[in-house]
Structure formats: C-alpha cells, structure tokens
Amino acid sequence: MPRPPYRMPTVTAVVVALAATFGTGLYAALGPAAASAGTWFPLGVLLAALLALGVVASTAHLSLARPAGPELARGDLPAPALRLGAVARVTSRAAAGSAAALVFGAYVLPTQPVTIAVVAVLAVVAVNAFGVRISHGAARGLVVGTLLALTVAIAVGLSSEGPQAVLSSAMPAAATGAGIAGDGAGTPDDPAVATLQAAIEPGPLGVLAAAGFVFLAFTGLSRVAELGGSLRDPVRAIRRAPALAVMITTLLLLLLSAALLRGLGASGLASASAPLAALMDTSSSAQVGVLVRIGAAAATIAALLGALSRAAAGAARLSREGELPAFLGRGGSRGTPWVADLTLGALTVAMTLLLSATTAIVVTVVAALVHHAVVHAAVLRLPGRPVRAAVVAVAGGVGCLVVAAAMPLWPLLATVGALAAGWLLCAVTARSRASAAAEEPVRRTDPEEQAA
C-alpha cells in the first residue's frame, strides 16, 4: 500500500519562513539603514515590518483565492502589469544573490570580499544545476544556528562599554567591486554610499530609506505560500507562518539594533560592511567572533542558494509562458532549469563584479517592492474580496512605492532602467514567439493539400 504524501505541519512552515528571513538582511542591512537615518533607523525597522505584514496578508489572500497560488497569473492584471511584476521578481532575486555573495565575502575574507563572492556564486550555480536544494532539516539547523549566533552578538553588544573604533571591519564592501578603498572607509564612487553620505540631517526620508534597507530581510516571505498543496493546513500555514516569522525577525532586528548602537554607535555601524563582525572585534574573545562569522557565512550562502535557484525558476517560467527565449526553459535529467541556472549565474557574477553590497541591496529591495506593489494591485482585482483585504492592499501598495522612491537615487534609477530593459525584452520576445507560433501551422501545411 503506497504511503500517503507528506504534508508539512504549520510548525515546519514557520521554520521555512524563518529560514527565508534569517539571511543577508540580518547581517548587512542595519549598516546602510544607520547611514540613512542615524539613530532613528530602528523606526525604519518597524516600518519595514509593517510593509512585510501587508505583503504577507496580500500574498495569503491571493494564494488562497485562486488555483495559481502566490504566482501572478493571466487574468489577475493586464499583461503589461503582470510582465512588470514577473521581471521585478527575477531581478530582485538575481540582485539578492549578488548581495548575499558580497556579504558572504565581507564576513569570510574582508580583505578580498569580491573574489570570495564570485567563487561563492560559481559554486552555488554548479550546485543549483545539479538540483541541490535546502531541505527542511537544513532549514531547521540554519534557524537554530542563526539564533545562536545572533544571541551571542546581542549579548556582546549590550554588555559592551560603548563605541570603539574598529578599522579592520570598516566598509571594504562599500567600495565598488572594481576597487576597494585600502582604509575601508567607503568611497563616494559608490552611488549608494555617496547618496547616504550626502544626507546631512536624518529625517523622514532617511527613515523611509532605512525601512527599505531593512526590508531586505523580508524579501523571501512568499516561500511558504509557494509550498501550496504540500502543506497540511494551507489556510492556517499561509496566513500565520510568515506573519509569525516577520514578528520574530523584527524582534531580533530591534535587539540587534540596540546591541550595534551600544557597541559601535551610529557612525561606526554606518561605516561597517560586516556590522556583526565589527561588533565582535570589540570583544576580547576571538572564539566568539569566529562563531558569529560562521553563522553569517552559513546564512548568506543559504540565501545565495535560495535566491539563485528561485531566480532561475522564475526565468524558466517566463520562458515557458513565451515571455523569454525558449532555450531558457530547457531542463536537465534532474528536472532543473540548468540553462536558466547558468544564465542567471552569469548575470549575478557580473553584478557582483560591478556593484557594491550596498548597491546590490538597493536593487534587490526596489525590485522586490515593485513586485509586491503589483501583488497588492492584483488583490484589488479579485472578485468578492473583503474590505479589509482591499484596505491592506491599497495601503501596502502605496507604502511599497513610497519606500522604493526613497532609496538612494542612482541605484534607484539603475533599477528602474533594468526593469524597463527586462520588460522590453519580454515584450519583444513574447511578440516574436507568438508570431512564430502563428506561422508554424502554415509552414507545415502541404501546398498540394491546400490546392485540393
């Protein structure tokens, strides 16, 4: 008698959601957030959490209202809007891979972060092409390890005597991939850093930008909704697991904020590419610092693996739908879209070489916020939606666009350009493939049969 298929309990869904949030954002987002808003950046943490809860609510409503799940599907919105949402999602995931790799490099080898980041991307692309994915057991281990590392970091920060200069961890990743400042103090050559340094007085705009940076921690929240039929209680899990993960992650971010402000001060935090490593350098125990670096490395490499696999899956889906060239949808014997894996991997390597961690975070967040704004808009088009869902969708969509517009100018413009280029590529490809499909039956028809 065949065994019934496994159905994931809600508790495991919470672990999956936590694994999605325990990534790059916890280890890298608070530095640029502090550079944007000074000591007011914890308000940005709360604002990012509100945005994330709105995304969770709209994603859950969309997932449970029709068979397509959390994915945007034909009929949800006009085709141009759906195309924008899909392009934004793939762009966000590719940029998230670059950000994760650069932060991984900053924690593992601060003197050569870009080299280590490129090696990490290439290794993960190879692993993805062979179909390796993070199991639920590995996700559970990642969550436990992250909680342990962050608990140690929070304890060290809150028990420290105050800010100290830590030059060894000061901002190598704030420089562009092409050249890193020898003193690690950051460089105005990075548009994101230059924009943040130009903010004289932290104010509302700075808090909005801080919220955008912190939102990096919440960009993977749709993972539970994507599990769909494998959940034992889909309604309960999709609605509650991501929301609980947001609340737990927000608490951790607030505790980390207090610890980092206590240990490094706002200026020290703002100039650190690896804030938790900089905080550990204030500790007298080298073993404690190694533990936190190992935790950061594990979390960011897991984030890199998840981001690239999901980016490739998104590109392959667009290919199957006729929006991208057909070769991107080719799969291997293991069922993995290996062509999309290699293509998105090459794109991520290029981004890693050309962008800093700060800029990659901006691209990730802006593209993700655009995608979520499209999801909120799709909820507004659902028939029979409750008033509460409509209110959340309107507020969430406006909030996403406002926070995206508050991000550093030049990376914001670069993201808009990338989204426009991706949208045009999909539009041209869709028209070309539709024309070719329409002409194919005519080519295959025998002229003698037509004459008869």
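Rule-based calculations on the coordinates, nothing more; no lab input. Owing to the predicted nature of the structure, the values given are computational and were not obtained by experimental measurement. FYI the Cβ positions are ideal-geometry reconstructions off the backbone, even for glycines, and counts take in every protein chain you see.
A few points about this structure:
- Backbone N within region 70-91 under 13 Å of label point (7 Å from residue 437 Cα along the Cβ vector): 74
- Multiplying the residue separation of residue 144 and residue 81 by 0.36 nm and subtracting their alpha-carbon distance yields 18.8 nm.
- The residue 73 and residue 294 beta-carbon pair, evaluated with R₀ = 56 Å, returns a calculated FRET efficiency of approximately 0.85.
- Exposed-loop-free span, longest in the chain, where trypsin sites (Lys or Arg not before Pro) count as exposed if DSSP calls them loop and at most 15 other C-beta atoms lie within 10 Å: 134-231
- Here the contact order of the chain, divided by its residue count and restricted to Cα pairs under 8 Å and six or more residues apart, works out to 33 percent.
- Scattering curve values for the chain, log₁₀ I(q)/I(0), Debye with Cα scatterers, q = 0.06, 0.09, 0.11, 0.13 Å⁻¹: -0.25, -0.55, -0.81, -1.13
- Integer Hz, Karplus 6.51/-1.76/1.60 couplings in order for region 262-274, x for Gly and Pro: 5, x, 10, x, 4, 5, x, 5, 5, 9, 9, 7, 10
- Nearest-ten-degree value, helix 204-214 long axis tilted from longest Cα axis of the chain: 70
- Computed with the Debye formula from one identical point scatterer per Cα of region 64-129, without solvent, the log10 of I(q)/I(0) at q = 0.17, 0.26 Å⁻¹ comes to -0.71, -1.03.
- Sorted ascending by nearby beta carbons within 10 Å, beginning with the fewest, 351, 8, 280 become 8, 351, 280.
- Dimensionless Rg over Rh [region 229-334; C-alpha; Kirkwood]: 1.14
- Spacing of the two label points (7 Å from each Cα toward its C-beta) at residue 287 and residue 233, in nm: 4.3
- Residue order for 213, 218, 327, fewest other beta carbons within 10 angstrom first, comes to 327, 218, 213.
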